[in-house]
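Q: One structure coming up, written as structure tokens, with questions to follow.
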Amino acid sequence: MDKIAKLIEIIRKSNNIVFFGGAGVSTASGIPDFRSSNGLYSKKLNRNFSPEQAVSHTFFVRYPEDFFDFYKKNLIYPQARPNACHTALAKLEDMGKVQAVVTQNIDGLHQAAGSKKVFELHGSVHRNYCTGCHKFYDADYILAAEGIPTCEVCGKTVKPDVVLYEEGLDDKVISGAVKAIAEAEVLIIGGTSLVVYPAAGLINYFEGDSLVLINKSETSADARADLVINDDIADVMEKVMAGL
């Protein structure tokens, strides 16, 4: 039996599947992994910053103009649309098979595709709040702002509801994701190299029957998996849905 057929069989047999995804889920939608960015050079500061530094809490506080310049260019993709993976997961949720999606992505494409139970470990570019009065702003407001986005009400900086480096994950989101993974019968991990912690550590809570790994390259969890498919997650899910 080939690997796609085996995955179809696993999905057919289970009504308690959780999907855990990373940046590779959104690449087919035209969103590159921001770590592939070359970094940000600031003439003002005469320094070159790595992508991780550029989206750190320290950088946001110290160099907000450079932060928002990098953020708007590299983390918001208003033209992006759900791909075959997003739509497959939404369909599988409608079929009563996928019980939750746990994502490291901040693009909101799972919800755009129709998924209802989504745990966004690293937040979302679509939610932004004033650091003073907590007024809500959408992604368009951030994109349209010149320089540092400020609140129309109190004038304070509007911060994306995205977990920056040096910031902790949201306790409520974490507990929901952990519960879903711990109770799952099947865990499908896709489009992630499992190197970003603490998010990647959440898969250790899985105690179910089948662990499936779909990623272009090898991951640290391959040896533990019941099925490993080294391919593009969108292509795999498209074939799976065609065969279901």
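The values are calculated or read from the model by the stated rules, or taken from the named source; none is laboratory data. Just so you know, these numbers come straight off a predicted model, no measurement behind them. So basically every Cβ, Gly included, is an ideal-geometry build from the backbone, and we count neighbours across all protein chains shown. Heads up: the accessible areas ignore ligands, DNA and RNA and are worked out on the full protein's heavy atoms, side chains in. Shrake-Rupley method; radii C 1.70, N 1.55, O 1.52, S 1.80 Å.
Q: Taking segment 110-126, which residues are closer than 19 Å to ARG35 by Cβ and over 9 Å from the mean Cα position of the chain (by Cα)?
A: The one that is closer than 19 Å to ARG35 by Cβ and over 9 Å from the mean Cα position of the chain (by Cα): VAL125.
Q: Can I ask one more? For segment 54-79, give me each residue that is hydrophobic (A, V, I, L, M, F, W, C) and surrounded by fewer than 17 Cβ atoms within 10 Å (Cβ to Cβ).
A: Correct list: VAL61 only.
Condition check ((1) open to solvent by 50 Å² or more (accessible area, probe 1.4 Å); (2) over 16 Å from the mean Cα position of the chain (by Cα)) across all residues:
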position: TYR205; (1), (2): yes, yes
position: SER210; (1), (2): no, yes
position: ALA223; (1), (2): yes, yes
position: ASP226; (1), (2): yes, yes
position: ILE233; (1), (2): no, no
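Q: Residue by residue through segment 147-164, note down the ones that are among the polar types (S, T, N, Q) and either touching a helix residue (DSSP H, G or I) at 6+ places or on another chain (Cβ under 7 Å) or in a loop (DSSP other than H, G, I, E, B) (or both).
A: Within segment 147-164, THR157 is the sole residue that qualifies.
Q: Further question: Report, by residue number, each residue of segment 9-23 that is open to solvent by less than 20 Å² (accessible area, probe 1.4 Å) and either among the basic types (Lys, Arg) or assigned to a helix (DSSP H, G or I) (or both).
A: ILE11, the sole residue that qualifies.
Q: Can you find a residue in segment 195-218 that is aliphatic (A, V, I, L, M), within 19 Å of ILE11 (Cβ to Cβ) and in a helix (DSSP H, G or I)?
A: yes
Q: Consider segment 108-126. How many of its residues are open to solvent by 70 Å² or more (accessible area, probe 1.4 Å) and either touching a Gly at 6+ places or on another chain (Cβ under 6 Å) or basic (Lys, Arg) (or both)?
A: Of the residues in segment 108-126, 3 are open to solvent by 70 Å² or more (accessible area, probe 1.4 Å) and either touching a Gly at 6+ places or on another chain (Cβ under 6 Å) or basic (Lys, Arg) (or both).
Q: Further question: Could we say that THR87 is surrounded by fewer than 16 Cβ atoms within 10 Å (Cβ to Cβ) and modelled with pLDDT of 95 or more here?
A: Judged against the criteria, THR87 is not a match.
Q: For segment 150-171, name all the residues that are in contact (Cβ under 8 Å) with a residue 60 or more places away in the chain and open to solvent by 30 Å² or more (accessible area, probe 1.4 Å).
A: If the condition is that a residue be in contact (Cβ under 8 Å) with a residue 60 or more places away in the chain and open to solvent by 30 Å² or more (accessible area, probe 1.4 Å), then THR157, LYS159, TYR165, GLU166, GLU167 are the ones that fit.
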